[in-house]
Amino acid sequence: MSKIPPAADELVVLGKIGAVHGVRGEVRVHSFTEPMENLLDYPVWQLRRDNEIKQVKLASGRLQGKALAAKIEGLDDREIARTLTGYEICVLRSELPELADDELYWHQLEGLKVINQDQQLFGIVDHLLETGANDVLVVKPCAGSIDDQERLLPYTQQCVQSVDLTAGEMQVEWDADF
């Protein structure tokens, strides 16, 4: 494991290390990629917890039920593997594949101001949730918000009218009273 910390804004969270798996140092991994096995396409992971960042190399990985089991290069001890529990699995933003013009990564939406059809500022996108039906934007109030209410908005074409990354804004069709 190496400790070459990249700048925080260069990292994108793609998963999280859960419990240990087996007795040979494997860890259970919760992937945030779709499909979940895509996380295994990245041979170098930046593990982050609090202000600590560790660079590790993925030796192998496989689908294991509703999660992944991963083997980190040079890690053969179950007790040492246990110390990695809770680390976020990040990759460098520059390693992400290019998307089509009409596609966005979730991390690109985080921090955008959310403004409705009446030009009311709801707040900023804090994070997204994956649900069975559609993804959900978690919008938290910010300076200038119409109120101090957290809102959960569906990330659908009916709700999200436009996204302007340059302006840092998202236009939505959503009533303030809803």
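The values are calculated or read from the model by the stated rules, or taken from the named source; none is laboratory data. Nothing here was measured: the structure is a model prediction, and the numbers come from that model. Quick reminder, even Gly has a Cβ in these numbers, built from the backbone with ideal geometry, and neighbours come from all protein chains shown.
Based on this model, can you work out whether Val12 counts as surrounded by 13 or more Cβ atoms within 10 Å (Cβ to Cβ) and touching a residue at least 60 places away in the same chain (Cβ under 8 Å)?
When the stated conditions are applied, Val12 passes them.
Name the residues in the range 153-166 that are exposed (fewer than 11 other Cβ atoms within 10 Å of the Cβ) and more than 21 Å from Val12 (Cβ to Cβ), would you?
Listed by number, the residues that qualify are Gln157, Gln158, Ser162.
Here are some conditions: (1) at pLDDT below 95; (2) within 18 Å of Val12 (Cα to Cα); (3) in the same structural domain as Pro35 (by TED's automatic domain parsing); (4) not aliphatic (A, V, I, L, M). Asp77 meets all but one. Which one does it not meet?
The failed condition is (2).
Any idea which of (1) within 30 Å of Lys140 (Cβ to Cβ); (2) more than 16 Å from the chain's Cα centre (by Cα) is the one Val56 doesn't satisfy?
Condition (1) is where Val56 drops out.
What are the residue pairs meeting all of these: first residue in the range 161-178, first residue in the same structural domain as Asp147 (by TED's automatic domain parsing) and on the phi > 0 side of the Ramachandran plot, second residue surrounded by 11 or more Cβ atoms within 10 Å (Cβ to Cβ) and not in a loop (DSSP other than H, G, I, E, B), Cβ atoms under 9 Å, and 6 or more apart or on different chains?
The qualifying pairs are Gly168/Lys113; Gly168/Ile124.
Out of Ile89, Ile72, which single residue is under 16 Å from the mean Cα position of the chain (by Cα), in contact (Cβ under 8 Å) with a residue 24 or more places away in the chain and under 14 Å from Val29 (Cα atoms)?
So the residue among Ile89, Ile72 that is under 16 Å from the mean Cα position of the chain (by Cα), in contact (Cβ under 8 Å) with a residue 24 or more places away in the chain and under 14 Å from Val29 (Cα atoms) is Ile89.
Which is among the hydrophobic types (A, V, I, L, M, F, W, C), modelled with pLDDT of 90 or more and exposed (fewer than 15 other Cβ atoms within 10 Å of the Cβ), of Leu137, Leu109, Leu96, Leu129?
Leu96
Would you tally the residues in the range 17-31 being surrounded by fewer than 18 Cβ atoms within 10 Å (Cβ to Cβ) and within 17 Å of the chain's Cα centre (by Cα)?
Number of matching residues: 2.
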